[in-house]
Every structure is written in C-alpha cells, then in structure tokens.
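Heads up, the thing below is written out as structure tokens.
The values are calculated or read from the model by the stated rules, or taken from the named source; none is laboratory data. Remember, predicted model here, so these are calculated numbers, not experimental data. Ideal geometry is used to build each Cβ from the backbone, glycine not excepted, and the neighbour counts take in all protein chains shown.
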Amino acid sequence: MGLKVPFLKPGEPFPNPLNARRDGLLAVGNILSPEMVLEAYQQGIFPWFNEGEPVMWWSPDPRCVIYPEQLKVSKSMQKVMKDGVFSVSFDTCFLDVINHCRFIPRNGQFGTWITDEIVGTYHELHKMGYAHSVEVWQGGTLVGGLYGISLGSIFMGESMFSKESNASKFALISLAQRLMPLGFTMIDCQLHNSHLESLGAVEIPRPQFLEELSTGLDSPTWMGTWEF
C-alpha cells in the first residue's frame, strides 16, 4: 500500500496535496460534508471511496483535464450535434443525473463509489449553488448527463452516464462550448480514460494543475441555477 496516510480528525486541515502517495491517496477520515468538499476542491483534492470504506481523499499525479479551447469534436459528433439527435438542459434534475451515474453499469472507474453519503453531500452542494448537472434528452427521456462542482473559472467533473450512444459525449461537449465564452479555463476530469481522451483530455503534472487551479480560483464563482 505504500506510505501510511494520515487520518483526518474533525476540523483538521488537509495535508499538502504534494505529499500524496504515488497512487494519489492523500488522507482518510470518517467525515464528509459540503464544507469539507469545497475546502478539498480548492486544494486540488477530491473524495473517492466505496460503501463501507472510510472517506478517502485523493490528489492524483498526473491530473486529467480538458481545456475548453482544446476540445475535440469528431466529425461524427459534429453531425450528432447538428442533426438535433439530443437536446440539453442544465440543473433541472440534479438528483436524477447523480443517481443515473450511480446505478448505470459502465466500464472504467465509475460506479459503486457514489454512495448515499456522496449523493446527499453533492445534493446539498447543488442546493448551495456549487454543484451542477448537465442533462441530455432524447424524445423527452433522460439518456445522458454529468455532474460536478464549479469554483472560479474551473469546473470539476465528477461522473457522467450514457443510456444512448454518444449521450455523455454530447453532455461534455455542450458544457465545454457554453463555459468557454464565460471565461472558464479548465474542466478537471481527475483520472484519465480513453473516452475523455477522445474529447481532448490531457494529463498534466500535479504541480502544474495546482498552479492553474490557484489562478482559476481568483475568478468569481458562477453560483446558483445555470441557465444558458
């Protein structure tokens, strides 16, 4: 397991993310709250743990990100966008999106880690105006989407789902295209996968990510219900 990680006591600050283990694990604890999540994100840290495990806090190196201006939209996705296969909305059914992310099977790292505790915490963050959802519709049915946290000029993506081919790509492309004119500088994807790479995601060293995060947090946070 590598180096021993510290156990966070109530009210104790997070360790320096540069001190995370090689696998990115920084600290563990038994408390998860909206305030802790916001504090963590501002330091490049996020929670990720399974049901029955302690709350685990991570800061991986490298970090997977998308720069909105470097978004890749394939010719096939350009046709999907143009043909009106899907429609998109924002912040209209946050709980539906996070629960779809939780329960729909998929390959890769996402799945059972979205526990009742995670759902409750991020729903509170949504009500506070920090957490947002992107919803993709087809014929009045929710077929894809994603959710995450917005702070400063950075959107921290948490998870996405797709019930129809290309629906999650449509969600991420729609989000990036709307955030770019508003001055958003980065979408944090946390961990690399081929799906994100196909959309232009790149991996950057943790020190670089923390520096760009600090700069992005100098911008005001666009809070409340998102409407475009």
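Couple of notes before you dig in:
- Taking the stretch 82-94 as the range and being within 25 Å of the chain's Cα centre (by Cα) and at pLDDT below 95 as the test, only 85 passes.
- Taking the conditions (1) within 20 Å of residue 41 (Cβ to Cβ); (2) under 14 Å from the mean Cα position of the chain (by Cα); (3) modelled with pLDDT of 95 or more in turn, residue 208 satisfies each one other than (2).
- Check on residue 97, at pLDDT 95 or above and more than 17 Å from the chain's Cα centre (by Cα): no
For (1) surrounded by 21 or more Cβ atoms within 10 Å (Cβ to Cβ); (2) under 27 Å from residue 92 (Cα atoms), each residue gets a yes or a no:
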{"position": "154", "(1), (2)": "yes, yes"}
{"position": "170", "(1), (2)": "yes, yes"}
{"position": "173", "(1), (2)": "yes, yes"}
{"position": "180", "(1), (2)": "no, yes"}
{"position": "198", "(1), (2)": "no, no"}
{"position": "209", "(1), (2)": "yes, no"}
{"position": "221", "(1), (2)": "no, yes"}
